[in-house]
Protein chains: 2
Amino acid sequence: MVLRDGISLSVAVEDAVVLLELLADHGIPVDAPCGGAGTCGKCVVQVTGAGAPDAVERALLPPERLAAGERLACRLLAVPGLMVTVATARGGADHKAELGAPAPAAAGAAAFSPVADAPLRRRRVELPPPSLDDSAADLERLLRHAGCGAHRLSLAALRALPALLRASEYRVDVFEAVEGADEPSATLLAVAPAGAPGAVESPGPWGVAVDLGTTTVAAYLLDLGTGHAVDVHAELNRQADLGADVLSRIAHAREAGVAGLQRRAVTQLEAMMQLLAERNGLEAADILGLTVAGNTTMLHVLLGLDPAGIGAAPFVPVTTGARAFWASEVGLPLHPAALVRTLPAASAYIGADTVAAVLAAGIDEGDGLSLLVDLGTNGEIVLGSASGLSACSTAAGPAFEGARIRCGVGGVQGAVAAFAISAEGVPVATTIGGAPAVGLCGAGLLDLVAALLEAGIVDGGGRLLPEGELPDGVPDAMRGRCREVDGRPAFVVVPAAEARDGAPIVLTERDVRELQFAKAAVAAGIDALLAAAGVRLESVERVILTGGFGAFLDPRSAVRVGLLPAVLGPRTEALANAAGVGAVMAATSRAHARRCDAIAARLRVVELSASAAFAQAYVEHLGFAPLRGLAAP
Amino acid sequence: MVLRDGISLSVAVEDAVVLLELLADHGIPVDAPCGGAGTCGKCVVQVTGAGAPDAVERALLPPERLAAGERLACRLLAVPGLMVTVATARGGADHKAELGAPAPAAAGAAAFSPVADAPLRRRRVELPPPSLDDSAADLERLLRHAGCGAHRLSLAALRALPALLRASEYRVDVFEAVEGADEPSATLLAVAPAGAPGAVESPGPWGVAVDLGTTTVAAYLLDLGTGHAVDVHAELNRQADLGADVLSRIAHAREAGVAGLQRRAVTQLEAMMQLLAERNGLEAADILGLTVAGNTTMLHVLLGLDPAGIGAAPFVPVTTGARAFWASEVGLPLHPAALVRTLPAASAYIGADTVAAVLAAGIDEGDGLSLLVDLGTNGEIVLGSASGLSACSTAAGPAFEGARIRCGVGGVQGAVAAFAISAEGVPVATTIGGAPAVGLCGAGLLDLVAALLEAGIVDGGGRLLPEGELPDGVPDAMRGRCREVDGRPAFVVVPAAEARDGAPIVLTERDVRELQFAKAAVAAGIDALLAAAGVRLESVERVILTGGFGAFLDPRSAVRVGLLPAVLGPRTEALANAAGVGAVMAATSRAHARRCDAIAARLRVVELSASAAFAQAYVEHLGFAPLRGLAAP
């Protein structure tokens, strides 16, 4: 859906179509003087959920704008999971979202129709009024004419049924859950008076899919009638004050109980759904279902389950399966018939977010071997194809999320998200949104260290060379940025005058060390997964980078610092919000929900903590590859 | 189960066995000097749920004791539905109940095992504790080892699971619902710590079956592990202050809303279950399920559904199907996983109580044609066999329940329940419990009018003859009871001196008229059903009398007054608490619950209000058959 000047348009994505054409077909004006030839660079849209930019986009848009999510509508396919914001005539900053119907992954299930497969649907039903010849009871009359085999009406809803049927003159809209795979049957969930005669069919039912990340929470408003996400809203996780990462939140729960964390999770989701509902002319009580992806700890927190078992060996969660509870039981004031469904996890540390990401990336249905690298607050790696899936979890997150980096920040406005040395030898730091710099986020850290390695300012051991030891080829503008902080060598990424808070954004040797720990963990995890699966690195046909940090990093920098093996660099693509897109897919399609169950069951978890091969690989990956010279990467 | 000196014994009834032997087998002393030969008349037990007394019992026990439920243990088969009270050595009045396993009806389903077919069961499960090699989540570990495919644990129960598993060292008792007919699967409902090692297997799960009658409410405590009812408690319906019959309660609901009635129903059931739980060493929260039979209005009241549609054409209830709601939704503080299940009804006036009675009487599975006559506050008649069922409802109740009879009372202590003229011509009125007379209940009214017809004191038109017109053969003792009340002829059933309240119990001509209305409605209903089914009266092989009044009347009196056709008199048997027994059967057996659905669906409802044949038959049945003479009936 694209919101334009307050008008909502639902757009079904049947076939892969160029985004520029799709927008034009729906009367959404995007400036494109070259007619989509890929030469003018004017058809800029703001997107998330797209793959890596192609050569045309890299030539026409500067890296900082690409890093900020700007892309060319003429070069993008309108694929499922894509969210697009088109600048309005007013130039307003309204959030506008287009998220295509979750279509089947490239491989397999081609004939799948998302709408026919929706787990919830709304239908108009007209009942013959009762007579002496047909005095069937109200509920039985409704079930018979709606073709529902069962109901889950609350007693309160059943109590209201007689008056509702009579007031609406037996013209009603029924909301049903469609359940079962082989012979699906409909279960009546709710009844509402039909819209006025002649009006367009009422939309909905409405659902919400959520990716409850440790750092970021994303909620997608879904029109389950069309199978489309029609709006999205993301915020930082409000549990941050009780711990930045999963382990510290588990520690908090162990000391203070899980209630405080749960209250934050429920309050936040309630507020987010309220916001999504309001800006789409709905009420939270119109939302008939909530599907939640997230790591195992976050799902425990949301449900108020003690996460203590996750925090200590043998790492036993309370539940990992796909579960459903009444929204009222969880404490969310949605529709009385609404269920909160959690997607299934594979283990304590391979969560429902990873399962959803595998679904979104289509790894489980691909013929060729794929590697999913999900880098957010945690780092999960999945290797596999239709014939098998294995996964491991690494402690990669903190460095990438900025937690242990001196000037580290998350992917916020003003975060340095890209760094390059211009042809003239001038350092160019690009911030998200072009705002005055506030710190260094994961993608920027990776770019920066890659550039400093190339420049010879950081050596193979991770040492930031003092000015006196810098090699000859280092340009003066770079050399001028090398100075001491707290008596140790450091690099000034953004001088004080250009930073928002008047203090320079600097990189310290300790920051480099943190990056080394993180990238070694990921690289060794990849090695360990490959070893456990008995496959060679070269067999991996496709690498998908996702996660709050993963989707935004430059694959070339990832290769340069050794996060990814060099051979995989050209096979790497980005997939933003993979867990969120997977949650949307599972919420809008029963087949996809079943695929989640299959993925969770098939994922073989490789425990790195018990792996000697991992420990050895980790040590080997701590260093950086030798200097390649000063050529631009 | 028999409670004896505070000790509970569960007794399974596998085959039809003489009650005296069964009690002896289980060490329950019943005095029987003749050894069960049927000559001493000493093995008296108090029962409900037995058929009509046989010749030996009638010879050895006076009618008033039979009317009060006393029977000979040597003459009774221990059949399902039978409840027995054995006097203790202390002579205490403790309630002791034996209610055999609801076995299949005589016809069909002979290989059926009640316990294997229970809808709820409790099992001991021992789980391997988690290890690094098996770190499955708590719930998934439990489901896997218990073999449950799904769960309905509340979120609160799931939150408590980790601590429960660890505190019980992974030895737990699971409570499961078994669902589905062809391939039943188990759904986990609840978990409890296992009993101490070596202790007997914990009993249960516990359920309750209720027959929520308009006048009387009966609740049966069920051990679903054995399929047995272990205790029973009955009370007058506490809604009586808001209306004596269904129509007046519907009128009350229409004026004041259903909430007041519902509050009474819920409060009463809560108190009854509390009482049953307490006297069996349980708590209400141990009760895992409640199955309710009752007429359509009473089930609406319990669920808080507006019964207005039942009260006016076209007589449309809110729901008639078998429904299930959380006990907490209904407002009953049972186990958190408990469901309240209502049995299915056929229509607004052929309710779940009639369906349950058909089940208990086995009419739906019989080869021969049976006629069920359920006479309580309402009068329902069912005609049928395995090849078809039809039913009608008549306004028979008020006279039989005492509502419109001058000295009418329900079946309470002191109610005149039998009336006869001795060989010496002396009137003998027998009261329930042998207590001083308080009034005339339905069975007594029927006996009385039958006797007065035989004596020629009431004529064929229903006139109570004035003393001057009495025929010559009327004995003096009877003649002396004929006098005027309020200027109209009346008959003194119990003189003032023998009545509890010092006022005579009298029968007026108007009372006789009320009986004529009632018996004509039943007799015409039988005619109309037979006509609609196209069968002759003589084809009816078996008549089952049940209901608060029906089960206690003397079939000979019923024939004499014309309530039943003469040809059916010898084919008539009584079945006490048929609806309650049916509710117990449906609550303890999935096959029986499914049979209820089939009965409700198969019952063809014959609308008497629209039937000209009924109207004509009604008029024809208003009179009495001619005087047969003064011989004792």
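Bear in mind that the values in this text are calculations on the coordinates, not laboratory data. Nothing here was measured: the structure is a model prediction, and the numbers come from that model. Here the Cβ is made from the backbone with ideal geometry for all residues, glycine too, and neighbour counts use every protein chain on show.
Brief remarks follow.
- Peptides B:44-51, B:443-450 ranked from most to least packed, by the mean per-residue count of other Cβ atoms within 10 Å: B:443-450, B:44-51.
- Summarising the strand pairing of chain B, around 70 percent of its internal DSSP beta bridges are antiparallel.
- Neighbouring Cβ atoms from other chains, within 10 Å of the Cβ of residues in A:128-139, number 6 on average.
- Take the Cβ atoms of B:Ala591 and B:Ala150, set R0 to 22 Å, and the FRET efficiency comes out at 0.55.
- Local electrostatic count, B:Asn237, Cβ distance below 12 Å [Lys/Arg +1, Asp/Glu -1]: -2
- All-pairs Cα distance distribution in chain B, expressed in whole percent, bin size 10 Å: 3, 16, 25, 25, 17, 8, 3, 1, 0, 0, 0
- Part-to-part distance (alpha-carbon centres) for region B:461-522 and region B:291-311, which is given in Å: 39 Å
- Mean separation of Cα contacts under 8 Å (6+ apart) over length of region A:285-410, as relative contact order %: 19 percent
- Chain A, dipole about Cα centre (Lys/Arg Cβ +1, Asp/Glu Cβ -1), debye to the nearest 20: 540 debye
- Estimated 222 nm signal from helices in chain B, with DSSP H stretches of n ≥ 4 weighted -39500 (n - 2.57), rounded to 500: -8500 deg cm²/dmol
- Whole-number percent relative contact order across chain A, with pairs defined as alpha carbons under 8 Å at least 6 apart: 13 percent
- Think of each Lys and Arg Cβ as +1 and each Asp and Glu Cβ as -1; about the Cα centre, that makes the dipole of region A:219-345 roughly 340 debye.
- Coupling constants for region A:558-566 follow from the phi torsions by the Karplus curve (6.51 cos²θ - 1.76 cosθ + 1.60, θ = phi - 60°), and in residue order they are 4, 5, 4, 7, x, 5, 10, x, 4 Hz; glycine and proline get x.
- Considering only region B:482-625, percent of DSSP beta bridges that pair antiparallel, nearest 5: 75 percent
- Counted by neighbouring Cβ atoms within 10 Å, the residues B:Val567, B:Val355 run from fewest to most as B:Val567, B:Val355.
- The protein assembly as shown, dipole about Cα centre (Lys/Arg Cβ +1, Asp/Glu Cβ -1), debye to the nearest 20: 680 debye
- Projecting the Cα atoms of A:Gly379, A:Ala579, B:Gly257 onto the dipole axis of the protein assembly as shown, where Lys and Arg carry +1 and Asp and Glu carry -1 at the beta carbon, places B:Gly257 farthest toward the positive end.
- Listing A:Met273, B:Met272 from fewest to most neighbouring C-beta atoms within 10 Å gives B:Met272, A:Met273.
- Note on the protein assembly as shown: antiparallel DSSP beta bridges, both residues inside, total approximately 70 percent of the bridges counted.
- Taking A:Asp223, B:Asp245 and counting other C-beta atoms within 10 Å, the order from fewest to most: B:Asp245, A:Asp223
- Value of relative contact order over region B:343-391, rounded to a whole percent, pairs C-alpha under 8 Å and six or more apart: 28 percent
- Excluding exposed DSSP-loop GluC sites (Glu not before Pro) (at most 15 other C-beta within 10 Å), longest clean stretch of chain A: A:425-633
- Cα-based reach from B:Lys42 at 17 Å (exclusive), listing aspartates and glutamates while leaving out same-chain residues under 8 positions away: B:Glu21, B:Asp31, B:Asp54, B:Glu57, B:Glu64, B:Glu70
- A:Glu467-B:Ser539 pseudo-label distance in nm [points 7 Å out on the Cα-to-Cβ vector]: 11.5 nm
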